[in-house]
1. Residues PRO106, PRO44, PRO13: which one is surrounded by fewer than 14 Cβ atoms within 10 Å (Cβ to Cβ), farther than 29 Å from TYR233 by Cβ and not aromatic (Phe, Trp, Tyr)?
2. Find the residue count for region 30-47, including only residues that are within 15 Å of ligand 1 (Cβ to nearest atom) and either charged (D, E, K, R) or within 29 Å of GLU193 (Cα to Cα) (or both).
3. What is the one condition in (1) touching a helix residue (DSSP H, G or I) at 6+ places or on another chain (Cβ under 8 Å); (2) surrounded by fewer than 21 Cβ atoms within 10 Å (Cβ to Cβ) that GLY274 does not satisfy?
4. GLY337 fails exactly one of the following numbered conditions: (1) outside any strand (DSSP E or B); (2) in contact with a strand residue (DSSP E or B) (Cβ under 6 Å, 6 or more places away or on another chain). What is the number of that condition?
5. Of all the residues that make up region 111-165, how many are assigned to a helix (DSSP H, G or I) and either β-branched (Val, Ile, Thr) or on the phi > 0 side of the Ramachandran plot (or both)?
6. Report every pair of residues separated by at least 6 positions or lying on different chains whose Cβ atoms are under 9 Å apart, first residue within region 217-244 and within 13 Å of GLY40 (Cα to Cα), second of a type in the set (Phe, Trp, Tyr) and surrounded by 22 or more Cβ atoms within 10 Å (Cβ to Cβ).
Amino acid sequence: MKIVLEHLTKRFPNRNKKVREDVIAVNDFSFEIPDGQLIGLLGPSGCGKSTTLNLICGLETPSSGKIYFGQDDVTNLPPENRGVGFVFQNYALYPHLTVLENILFPLQNLKGQNRPSKEDMLRRATEAAKLVRIDSLLERRPSELSGGQQQRVAIARALVKMPRVLLLDEPLSNLDARLRLQTREEIRRIQRETKITTVFVTHDQEEAMSISDLIVVMKDGVVQQIGKPQDVYDDPVNLFVSKFLGTPPINVFAGRVRGGQLLLGDDAVLPAPGIPDQEVWAGIRPEGFVPDANGALQCDLIQVEVMGRDTSVVCRHGACEQAIRAIVASEARPNAGETKVRFALKPNKVHLFAKATEARLSA
Ligand SMILES: Nc1ncnc2c1ncn2[C@@H]1O[C@H](COP(=O)(O)OP(=O)(O)OP(=O)(O)O)[C@@H](O)[C@H]1O
Ligand SMILES: [Mg+2]
(Lines give C-alpha, C1' and ligand atoms only; values in the text may rest on other atoms or scores of the structure.)
(Ligands and ions follow the chains in the order given, each with its own letter.)
Protein backbone atom coordinates (compact mmCIF):
# COMPACT_ATOMS: atom_id res chain seq x y z
CA MET A 1 0.00 0.00 0.00
CA LYS A 2 1.55 3.28 -1.02
CA ILE A 3 0.92 6.29 1.19
CA VAL A 4 0.64 9.76 -0.29
CA LEU A 5 1.02 12.85 1.88
CA GLU A 6 -0.09 15.98 0.06
CA HIS A 7 0.82 19.39 1.50
CA LEU A 8 0.18 18.08 5.00
CA THR A 9 0.16 20.79 7.67
CA LYS A 10 -0.71 20.55 11.36
CA ARG A 11 -1.07 23.60 13.58
CA PHE A 12 -1.63 23.50 17.31
CA PRO A 13 -2.85 26.49 19.35
CA ASN A 14 0.00 27.99 21.36
CA ARG A 15 -0.82 28.13 25.08
CA ASN A 16 1.90 30.69 25.69
CA LYS A 17 0.01 34.02 25.92
CA LYS A 18 3.06 36.03 24.89
CA VAL A 19 3.34 34.16 21.62
CA ARG A 20 0.35 34.63 19.35
CA GLU A 21 1.33 32.29 16.53
CA ASP A 22 0.26 28.68 16.43
CA VAL A 23 2.78 25.90 16.77
CA ILE A 24 3.27 24.48 13.29
CA ALA A 25 4.19 20.90 14.14
CA VAL A 26 4.16 19.71 10.53
CA ASN A 27 4.60 22.22 7.73
CA ASP A 28 3.59 21.46 4.13
CA PHE A 29 4.80 17.86 4.09
CA SER A 30 4.46 16.24 0.65
CA PHE A 31 5.79 12.76 -0.02
CA GLU A 32 4.78 9.55 -1.74
CA ILE A 33 5.83 6.55 0.34
CA PRO A 34 6.33 3.65 -2.09
CA ASP A 35 4.49 0.39 -1.46
CA GLY A 36 6.25 -2.12 0.77
CA GLN A 37 9.13 0.10 1.82
CA LEU A 38 10.50 1.00 5.20
CA ILE A 39 10.79 4.74 5.73
CA GLY A 40 12.92 6.17 8.52
CA LEU A 41 11.53 9.46 9.81
CA LEU A 42 14.36 11.28 11.47
CA GLY A 43 14.94 14.57 13.25
CA PRO A 44 15.63 16.20 16.61
CA SER A 45 13.14 16.20 19.47
CA GLY A 46 10.07 18.32 18.72
CA CYS A 47 10.54 18.39 14.93
CA GLY A 48 7.13 16.83 14.25
CA LYS A 49 7.81 13.11 13.87
CA SER A 50 5.10 11.82 16.20
CA THR A 51 2.62 14.36 14.85
CA THR A 52 3.28 13.07 11.32
CA LEU A 53 2.56 9.50 12.43
CA ASN A 54 -0.56 10.61 14.28
CA LEU A 55 -1.78 12.27 11.09
CA ILE A 56 -1.12 9.13 9.03
CA CYS A 57 -2.99 6.90 11.46
CA GLY A 58 -5.83 9.37 12.03
CA LEU A 59 -5.33 10.24 15.71
CA GLU A 60 -4.87 13.84 14.56
CA THR A 61 -6.62 15.56 11.66
CA PRO A 62 -4.51 17.83 9.47
CA SER A 63 -5.12 21.59 9.47
CA SER A 64 -4.70 21.36 5.72
CA GLY A 65 -3.53 18.84 3.15
CA LYS A 66 -4.56 15.31 2.24
CA ILE A 67 -3.57 11.72 2.96
CA TYR A 68 -4.13 8.84 0.55
CA PHE A 69 -3.67 5.10 1.11
CA GLY A 70 -3.31 3.80 -2.44
CA GLN A 71 -6.07 5.61 -4.33
CA ASP A 72 -8.27 6.10 -1.24
CA ASP A 73 -8.51 9.52 0.37
CA VAL A 74 -8.32 8.65 4.09
CA THR A 75 -7.91 12.23 5.36
CA ASN A 76 -11.21 12.15 7.24
CA LEU A 77 -11.41 8.43 7.94
CA PRO A 78 -11.38 7.49 11.65
CA PRO A 79 -8.27 5.57 12.80
CA GLU A 80 -10.08 2.25 13.32
CA ASN A 81 -11.06 2.18 9.64
CA ARG A 82 -7.60 2.90 8.25
CA GLY A 83 -6.06 -0.53 8.75
CA VAL A 84 -3.02 0.85 10.52
CA GLY A 85 -0.87 -0.91 13.12
CA PHE A 86 0.78 1.47 15.57
CA VAL A 87 3.51 0.98 18.16
CA PHE A 88 3.45 4.15 20.24
CA GLN A 89 6.43 6.03 21.62
CA ASN A 90 5.24 5.04 25.10
CA TYR A 91 3.88 1.65 24.18
CA ALA A 92 1.90 0.25 27.10
CA LEU A 93 0.91 -3.36 27.51
CA TYR A 94 -2.06 -4.26 29.70
CA PRO A 95 -0.33 -5.41 32.89
CA HIS A 96 -3.14 -7.68 34.05
CA LEU A 97 -3.35 -9.57 30.73
CA THR A 98 -1.01 -12.31 29.56
CA VAL A 99 1.12 -11.86 26.46
CA LEU A 100 -1.42 -13.85 24.42
CA GLU A 101 -4.33 -11.77 25.74
CA ASN A 102 -2.44 -8.57 24.98
CA ILE A 103 -1.92 -9.63 21.37
CA LEU A 104 -5.53 -10.82 21.04
CA PHE A 105 -6.91 -7.56 22.37
CA PRO A 106 -7.17 -5.59 19.08
CA LEU A 107 -8.95 -8.54 17.42
CA GLN A 108 -11.43 -8.95 20.27
CA ASN A 109 -12.24 -5.27 19.88
CA LEU A 110 -13.35 -5.73 16.28
CA LYS A 111 -17.09 -5.46 15.75
CA GLY A 112 -19.65 -7.16 13.50
CA GLN A 113 -18.54 -9.00 10.42
CA ASN A 114 -14.92 -7.86 10.85
CA ARG A 115 -14.66 -9.94 14.01
CA PRO A 116 -12.86 -13.20 13.27
CA SER A 117 -13.90 -16.52 14.81
CA LYS A 118 -12.25 -17.57 18.08
CA GLU A 119 -10.02 -20.11 16.33
CA ASP A 120 -9.02 -17.53 13.75
CA MET A 121 -8.09 -14.99 16.42
CA LEU A 122 -5.97 -17.54 18.22
CA ARG A 123 -4.23 -18.59 15.02
CA ARG A 124 -3.45 -15.01 14.04
CA ALA A 125 -2.21 -14.07 17.50
CA THR A 126 0.06 -17.11 17.55
CA GLU A 127 1.40 -16.28 14.10
CA ALA A 128 2.16 -12.69 15.12
CA ALA A 129 3.89 -13.95 18.26
CA LYS A 130 5.99 -16.35 16.16
CA LEU A 131 6.99 -13.55 13.83
CA VAL A 132 8.50 -11.56 16.70
CA ARG A 133 9.79 -14.74 18.38
CA ILE A 134 7.88 -14.56 21.65
CA ASP A 135 5.69 -17.61 21.05
CA SER A 136 7.23 -19.37 24.04
CA LEU A 137 6.16 -16.55 26.37
CA LEU A 138 2.44 -16.43 25.66
CA GLU A 139 1.30 -17.28 29.18
CA ARG A 140 3.46 -14.68 30.94
CA ARG A 141 2.40 -11.26 32.11
CA PRO A 142 4.27 -8.12 30.96
CA SER A 143 5.99 -7.72 34.35
CA GLU A 144 7.61 -11.11 33.75
CA LEU A 145 9.25 -10.03 30.49
CA SER A 146 12.42 -8.12 29.68
CA GLY A 147 12.11 -4.68 28.10
CA GLY A 148 12.94 -6.04 24.67
CA GLN A 149 10.38 -8.83 24.96
CA GLN A 150 7.74 -6.29 26.02
CA GLN A 151 8.53 -4.15 23.04
CA ARG A 152 8.16 -7.17 20.76
CA VAL A 153 4.75 -7.93 22.29
CA ALA A 154 3.76 -4.37 21.38
CA ILE A 155 4.92 -5.01 17.81
CA ALA A 156 2.98 -8.31 17.64
CA ARG A 157 -0.10 -6.48 18.90
CA ALA A 158 0.31 -3.95 16.08
CA LEU A 159 0.77 -6.73 13.50
CA VAL A 160 -2.11 -8.99 14.52
CA LYS A 161 -4.76 -7.05 12.61
CA MET A 162 -2.66 -7.53 9.46
CA PRO A 163 -2.42 -3.78 8.93
CA ARG A 164 -1.97 -2.18 5.53
CA VAL A 165 0.43 0.24 7.13
CA LEU A 166 2.71 -0.14 10.14
CA LEU A 167 3.74 2.93 12.16
CA LEU A 168 6.50 2.59 14.73
CA ASP A 169 7.23 5.58 16.96
CA GLU A 170 10.66 5.09 18.55
CA PRO A 171 9.89 1.41 19.20
CA LEU A 172 13.39 0.73 20.54
CA SER A 173 13.67 3.68 22.90
CA ASN A 174 13.72 1.62 26.09
CA LEU A 175 16.31 -0.94 25.07
CA ASP A 176 20.01 -1.08 25.80
CA ALA A 177 22.42 -0.68 22.91
CA ARG A 178 22.85 -4.39 22.21
CA LEU A 179 19.17 -5.24 22.36
CA ARG A 180 18.42 -2.20 20.23
CA LEU A 181 20.67 -3.52 17.53
CA GLN A 182 19.05 -6.97 17.67
CA THR A 183 15.52 -5.66 17.70
CA ARG A 184 16.07 -3.26 14.84
CA GLU A 185 17.34 -6.13 12.71
CA GLU A 186 14.26 -8.07 13.79
CA ILE A 187 11.99 -5.24 12.71
CA ARG A 188 13.73 -5.12 9.37
CA ARG A 189 13.28 -8.87 8.93
CA ILE A 190 9.59 -8.76 9.85
CA GLN A 191 9.03 -5.82 7.51
CA ARG A 192 10.74 -7.66 4.64
CA GLU A 193 8.70 -10.82 5.32
CA THR A 194 5.34 -9.08 5.59
CA LYS A 195 6.07 -6.33 3.01
CA ILE A 196 3.92 -3.92 5.02
CA THR A 197 4.62 -0.28 4.19
CA THR A 198 6.26 0.93 7.38
CA VAL A 199 7.17 4.30 8.83
CA PHE A 200 9.76 4.07 11.57
CA VAL A 201 10.42 7.12 13.74
CA THR A 202 13.69 7.63 15.54
CA HIS A 203 16.00 10.45 16.47
CA ASP A 204 18.93 8.06 16.19
CA GLN A 205 20.45 8.67 12.77
CA GLU A 206 22.49 5.50 12.78
CA GLU A 207 19.41 3.42 13.49
CA ALA A 208 17.47 5.12 10.70
CA MET A 209 20.30 4.75 8.21
CA SER A 210 20.88 1.09 8.97
CA ILE A 211 17.36 -0.23 8.38
CA SER A 212 15.55 2.23 6.11
CA ASP A 213 14.97 2.06 2.36
CA LEU A 214 14.48 5.81 2.42
CA ILE A 215 15.03 8.38 5.15
CA VAL A 216 13.17 11.62 5.68
CA VAL A 217 15.06 14.25 7.67
CA MET A 218 12.84 16.84 9.41
CA LYS A 219 13.56 20.03 11.27
CA ASP A 220 10.98 22.34 12.90
CA GLY A 221 8.11 20.61 11.09
CA VAL A 222 9.74 21.07 7.68
CA VAL A 223 11.12 18.21 5.59
CA GLN A 224 14.75 18.94 4.80
CA GLN A 225 15.64 16.01 2.58
CA ILE A 226 14.29 12.64 1.43
CA GLY A 227 16.46 9.93 -0.10
CA LYS A 228 18.33 6.69 0.26
CA PRO A 229 20.40 6.80 3.45
CA GLN A 230 23.74 6.73 1.65
CA ASP A 231 22.66 9.37 -0.88
CA VAL A 232 21.55 11.75 1.85
CA TYR A 233 24.83 11.17 3.67
CA ASP A 234 26.89 11.76 0.53
CA ASP A 235 24.82 14.65 -0.80
CA PRO A 236 23.28 16.64 2.03
CA VAL A 237 21.19 19.59 0.81
CA ASN A 238 22.11 21.82 3.73
CA LEU A 239 24.33 22.21 6.77
CA PHE A 240 21.66 20.87 9.14
CA VAL A 241 21.32 17.57 7.27
CA SER A 242 25.10 17.19 6.97
CA LYS A 243 25.47 17.69 10.73
CA PHE A 244 22.58 15.39 11.59
CA LEU A 245 23.95 12.34 9.76
CA GLY A 246 27.21 10.61 10.60
CA THR A 247 29.16 9.55 13.69
CA PRO A 248 31.53 11.06 14.53
CA PRO A 249 29.77 14.14 13.13
CA ILE A 250 30.97 16.21 10.22
CA ASN A 251 33.62 18.86 11.13
CA VAL A 252 32.40 22.35 10.33
CA PHE A 253 34.92 25.09 9.42
CA ALA A 254 34.25 28.76 8.77
CA GLY A 255 36.00 29.35 5.47
CA ARG A 256 35.81 31.38 2.29
CA VAL A 257 36.00 30.83 -1.41
CA ARG A 258 38.41 33.09 -3.31
CA GLY A 259 39.22 32.66 -6.99
CA GLY A 260 37.92 29.09 -7.13
CA GLN A 261 39.85 27.96 -4.05
CA LEU A 262 38.56 27.01 -0.62
CA LEU A 263 40.50 28.87 2.07
CA LEU A 264 40.55 27.75 5.70
CA GLY A 265 42.40 30.44 7.59
CA ASP A 266 45.05 31.57 5.09
CA ASP A 267 45.58 28.16 3.53
CA ALA A 268 44.09 27.20 0.18
CA VAL A 269 43.09 23.62 0.97
CA LEU A 270 41.00 22.51 -2.00
CA PRO A 271 39.86 23.71 -5.43
CA ALA A 272 36.26 24.95 -5.41
CA PRO A 273 35.67 25.35 -9.12
CA GLY A 274 32.63 27.31 -10.25
CA ILE A 275 31.76 28.64 -6.80
CA PRO A 276 31.69 32.47 -6.64
CA ASP A 277 33.78 34.26 -4.00
CA GLN A 278 31.97 34.23 -0.67
CA GLU A 279 32.04 33.24 2.99
CA VAL A 280 31.15 29.58 3.46
CA TRP A 281 30.72 26.79 5.96
CA ALA A 282 32.97 23.94 4.94
CA GLY A 283 31.85 20.56 6.30
CA ILE A 284 34.52 17.87 6.24
CA ARG A 285 33.55 14.28 7.06
CA PRO A 286 35.87 12.50 9.53
CA GLU A 287 36.90 10.07 6.78
CA GLY A 288 37.79 12.98 4.45
CA PHE A 289 41.16 13.69 6.13
CA VAL A 290 44.23 11.90 4.77
CA PRO A 291 47.45 12.34 6.79
CA ASP A 292 49.98 13.67 4.31
CA ALA A 293 53.30 15.44 5.06
CA ASN A 294 52.62 17.76 2.11
CA GLY A 295 48.90 18.22 2.84
CA ALA A 296 47.47 21.72 2.64
CA LEU A 297 45.61 21.67 5.96
CA GLN A 298 47.79 21.95 9.04
CA CYS A 299 46.27 21.29 12.46
CA ASP A 300 47.48 21.17 16.06
CA LEU A 301 47.49 17.57 17.19
CA ILE A 302 45.68 16.96 20.48
CA GLN A 303 45.53 13.20 20.68
CA VAL A 304 45.50 9.96 18.75
CA GLU A 305 42.91 7.35 19.78
CA VAL A 306 43.35 3.83 18.46
CA MET A 307 40.04 1.97 18.18
CA GLY A 308 40.64 -1.41 16.60
CA ARG A 309 40.47 -1.10 12.84
CA ASP A 310 40.53 2.70 12.69
CA THR A 311 42.35 5.47 14.39
CA SER A 312 40.73 8.67 15.49
CA VAL A 313 42.92 11.78 15.30
CA VAL A 314 41.73 14.65 17.46
CA CYS A 315 43.15 18.04 16.50
CA ARG A 316 42.42 21.75 16.31
CA HIS A 317 42.38 24.41 13.62
CA GLY A 318 41.70 28.14 13.96
CA ALA A 319 38.79 28.01 11.48
CA CYS A 320 36.92 25.29 13.38
CA GLU A 321 35.35 26.07 16.76
CA GLN A 322 35.15 22.49 17.94
CA ALA A 323 37.91 19.95 18.17
CA ILE A 324 38.27 18.16 14.84
CA ARG A 325 37.84 14.42 14.71
CA ALA A 326 39.44 12.63 11.76
CA ILE A 327 39.18 8.88 11.16
CA VAL A 328 42.32 7.59 9.46
CA ALA A 329 43.78 4.19 8.62
CA SER A 330 45.90 2.84 11.49
CA GLU A 331 49.09 2.63 9.44
CA ALA A 332 48.80 6.29 8.42
CA ARG A 333 48.34 7.66 11.91
CA PRO A 334 50.60 10.41 13.19
CA ASN A 335 52.91 9.67 16.10
CA ALA A 336 51.40 10.65 19.42
CA GLY A 337 54.50 12.75 20.23
CA GLU A 338 53.97 15.16 17.31
CA THR A 339 52.39 18.57 17.89
CA LYS A 340 51.32 19.25 14.31
CA VAL A 341 49.61 17.10 11.72
CA ARG A 342 49.03 17.80 8.02
CA PHE A 343 46.13 16.49 5.98
CA ALA A 344 45.18 16.30 2.35
CA LEU A 345 41.39 16.34 1.86
CA LYS A 346 39.18 13.98 -0.15
CA PRO A 347 37.11 16.32 -2.33
CA ASN A 348 33.94 14.18 -2.22
CA LYS A 349 34.00 14.30 1.59
CA VAL A 350 34.02 18.11 1.72
CA HIS A 351 30.72 19.98 1.39
CA LEU A 352 30.39 23.74 1.06
CA PHE A 353 27.39 25.67 2.36
CA ALA A 354 26.44 29.32 1.92
CA LYS A 355 27.21 31.19 5.14
CA ALA A 356 23.83 32.90 5.47
CA THR A 357 21.34 30.34 4.13
CA GLU A 358 23.34 27.22 5.03
CA ALA A 359 22.23 25.74 1.70
CA ARG A 360 24.67 23.49 -0.12
CA LEU A 361 26.81 25.16 -2.78
CA SER A 362 27.70 23.23 -5.86
CA ALA A 363 29.64 24.10 -8.93
N1 LIG B 1 -1.36 18.69 21.26
C2 LIG B 1 -0.41 19.61 21.07
N3 LIG B 1 -0.60 20.92 21.34
C4 LIG B 1 0.33 21.86 21.12
N5 LIG B 1 1.55 21.60 20.62
C6 LIG B 1 1.84 20.31 20.32
C7 LIG B 1 0.90 19.24 20.53
N8 LIG B 1 1.47 18.10 20.15
C9 LIG B 1 2.71 18.40 19.73
N10 LIG B 1 2.94 19.74 19.84
C11 LIG B 1 4.16 20.46 19.44
O12 LIG B 1 4.43 20.14 18.09
C13 LIG B 1 5.83 19.97 17.88
C14 LIG B 1 6.11 18.60 17.31
O15 LIG B 1 5.82 17.61 18.28
P16 LIG B 1 6.07 16.06 18.02
O17 LIG B 1 5.55 15.31 19.18
O18 LIG B 1 5.52 15.71 16.69
O19 LIG B 1 7.67 15.99 17.98
P20 LIG B 1 8.66 14.74 17.82
O21 LIG B 1 9.46 14.99 16.61
O22 LIG B 1 7.88 13.48 17.87
O23 LIG B 1 9.60 14.87 19.10
P24 LIG B 1 10.26 13.73 20.07
O25 LIG B 1 11.48 13.22 19.36
O26 LIG B 1 10.60 14.50 21.29
O27 LIG B 1 9.21 12.67 20.31
C28 LIG B 1 6.47 20.24 19.23
O29 LIG B 1 6.92 21.56 19.23
C30 LIG B 1 5.36 20.02 20.22
O31 LIG B 1 5.55 20.81 21.37
MG1 LIG C 1 7.79 11.88 19.25
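The values are calculated or read from the model by the stated rules, or taken from the named source; none is laboratory data. All values reported here derive from a predicted model rather than from experimental measurement. A quick note on method: Cβ atoms are made from the backbone with ideal geometry, for glycine too, and the neighbour counts reach across all protein chains shown.
1. Answer to the check: PRO13.
2. Of the residues in region 30-47, 5 are within 15 Å of ligand 1 (Cβ to nearest atom) and either charged (D, E, K, R) or within 29 Å of GLU193 (Cα to Cα) (or both).
3. (1)
4. GLY337 satisfies every listed condition except (2).
5. In the first step, residues of region 111-165 are kept if they are assigned to a helix (DSSP H, G or I); the result is 112-114, 118-131, 142-144, 147-159.
Filter once more, so that each one left must be either β-branched (Val, Ile, Thr) or on the phi > 0 side of the Ramachandran plot (or both): 112, 126, 153, 155.
Of the residues in that region, 4 qualify.
6. Matching pairs, first to second residue: VAL217/PHE244; MET218/PHE29; VAL223/PHE29.
This table checks each residue for (1) part of a helix (DSSP H, G or I); (2) outside the structural domain of GLN89 (by TED's automatic domain parsing); (3) free of Cβ contacts under 8 Å to residues at least 24 places away in the same chain.
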position	(1), (2), (3)
SER173	no, no, no
GLN182	yes, no, no
GLU186	yes, no, no
VAL257	no, yes, no
LEU262	no, yes, no
